[in-house]
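Please treat every number below as a calculation from the coordinates, not as lab data. These figures come from a predicted structure and were not determined experimentally. Note: ideal-geometry Cβ built from the backbone for every residue, glycine included; neighbour counts use all protein chains shown.
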Amino acid sequence: MKMKAALCRELGKPLVVEDGVTVASPRKGEVLVKVDATAVCRSDLHVIEPGFPSRLPGIPGHETAGHVVEVGEGVNRIKVGDVVCVTTSTVGCGFCEACLSGNRSSCTVYPMMGPPKESGLQTSKGEPISKMAGTVGGFAEYALVNEYQLVKIADDMPIDRACILSCAVSTGFGSAITAGVHPFSSSLIIGTGAVGLNAIQGSYFLGACPVIAMDVLDNRLEAAKKFGATHTINSQKVKDPIKAVKDLTEGKGADYVFITVTLSDNDLLRQAIEMSSSRAVIIRIAMSRMPAPPPGGGGRAGGPPGPGARPMEDIEWMRGLVGFGSWRRVISTAIGSSDIIRDIPNYVRLYKAGRLKLDELVTAHYPLEKINEAIATLRTGEALRNVIMF
């Protein structure tokens, strides 16, 4: 089948919308989805930037919803005509040890971001096309995916809202569930993009108070209030952000700290630890680009530091994690470590009942031909979620 798709041909350059891209018929266990809407996520921005390992040409886009037009051999759970959320997560097999213990996102039979497989996509010149920022390739008219990436949803769910459930909501709200946020605890959310806003509304929904939003953009902090933030902190406008958090939590620090911005060094993690209570859970949600160890490594235990060893003051903050009296934990989530086959239909029900904010997340709609405009306004922070409509 021929289709139109937005391709990344060179990192750091605008995407190129091309006709004549070929998508194969579904193979065993696969499903062909007619894409109706794909939202632009910051993960899509990361993977098209220089320095990110990518196979080009590639199709980004992973926050997708559409309807099924063809199924491959062995597909029984999904049928033609179903309206679905398409994700980079997994519904799991339901029977492996991970699934039976309630961790479907860690399924060993149908793993999230499973082993590499030919995408079934080619350019009009026969070049193989990869999928970027996951295993969806959602900036295209059709997506060829594995059955386990799909969750059937109600037919009457607005499709431009449904696509946001595939990543932003499952990641942010789902991380609040996974972290165990409970009534009367305190949450701090660092970064108030779409994922951060959903960590805010997840924390608020689960009963946290205070719910503290931290960012450097006042417009984002204003938006955070609509999603349940009880307090906001512009970290560039206060003298001491750590003290500001402590002041709002009776000197203890936050019980849950969500890091939703790209973690490029230890500095942000150190601040998160210092802003947290002694029994806190620190949740790393965003992509991490941790620095390589210093040349030469550290010294031998009990001996002098080796060449390039980090000075003691650089690692002193680690005492907050492992020091006497600290029960802090640092966890990382992918798509919130969510049970998407359970959670996404529940999010639909919450939205229909007026208890989940999705309308407020959608900044604008764009046709595929204007995808670079949608990317540009997300990059500057003007937009929360721009949705590409097909």
If you take every DSSP beta bridge whose two residues both sit in the chain, what share of them, in percent to the nearest 5, is antiparallel?
-> 55 percent
At what distance in angstrom do the alpha carbon centres of the range 222-236 and the range 31-99 lie from each other?
-> 32 Å
Ile331 to His182: FRET efficiency via 1/(1 + (r/R0)^6), r the Cβ-Cβ distance, R0 22 Å, to the nearest 0.05?
-> 0.90
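If contacts are Cα pairs under 8 angstrom and at least 6 residues apart, what is the relative contact order of the chain in percent? Provide the component values of the computation, followed by the final result.
Working: 937 pairs, mean separation 66.3, N = 390.
Relative contact order here is 17 percent.
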Within straight cross-link reach of Lys79, meaning Cα distance under 16 Å, which aspartates and glutamates are found once same-chain residues fewer than 8 apart are removed?
-> Glu30, Glu70, Glu147, Asp155
Kindly provide the helix-only [θ] at 222 nm of the chain, computed as the sum of -39,500 (n - 2.57) over DSSP H runs of four or more divided by all residues, to the nearest 500 deg cm²/dmol?
-> -6500 deg cm²/dmol
Of Lys2/Lys34; Lys225/Lys370; Lys4/Lys357, which ones are farther than 20 Å apart at the Cα?
-> Lys225/Lys370; Lys4/Lys357
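In a shell of Cβ-Cβ distance under 11 Å around Ile190, excluding Ile190 itself, what net charge do Lys and Arg (+1) and Asp and Glu (-1) give?
Combined, the nearby Lys, Arg, Asp and Glu give 0.
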Estimated inter-spin distance, Asp156 and Lys4, nm [label 7 Å along Cα→Cβ] = 3.2 nm
Could you point to the residue in Val216, Ser101, Thr377 farthest towards the positive end of the chain's charge dipole, with +1 and -1 charges on the Cβ of Lys/Arg and Asp/Glu respectively?
-> Ser101
Within straight cross-link reach of Lys237, meaning Cα distance under 13 Å, which aspartates and glutamates are found once same-chain residues fewer than 8 apart are removed?
-> Asp215, Asp218
Exposure-ranked with fewest Cβ neighbours within 10 Å first, Ser106, Ser170 stand as Ser106, Ser170
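If you place +1 on the Cβ of every Lys and Arg, -1 on the Cβ of every Asp and Glu, and leave all else neutral, what size is the dipole of the chain about its Cα centre, to the nearest 20 Debye?
With Lys and Arg at +1 and Asp and Glu at -1, about 620 debye.
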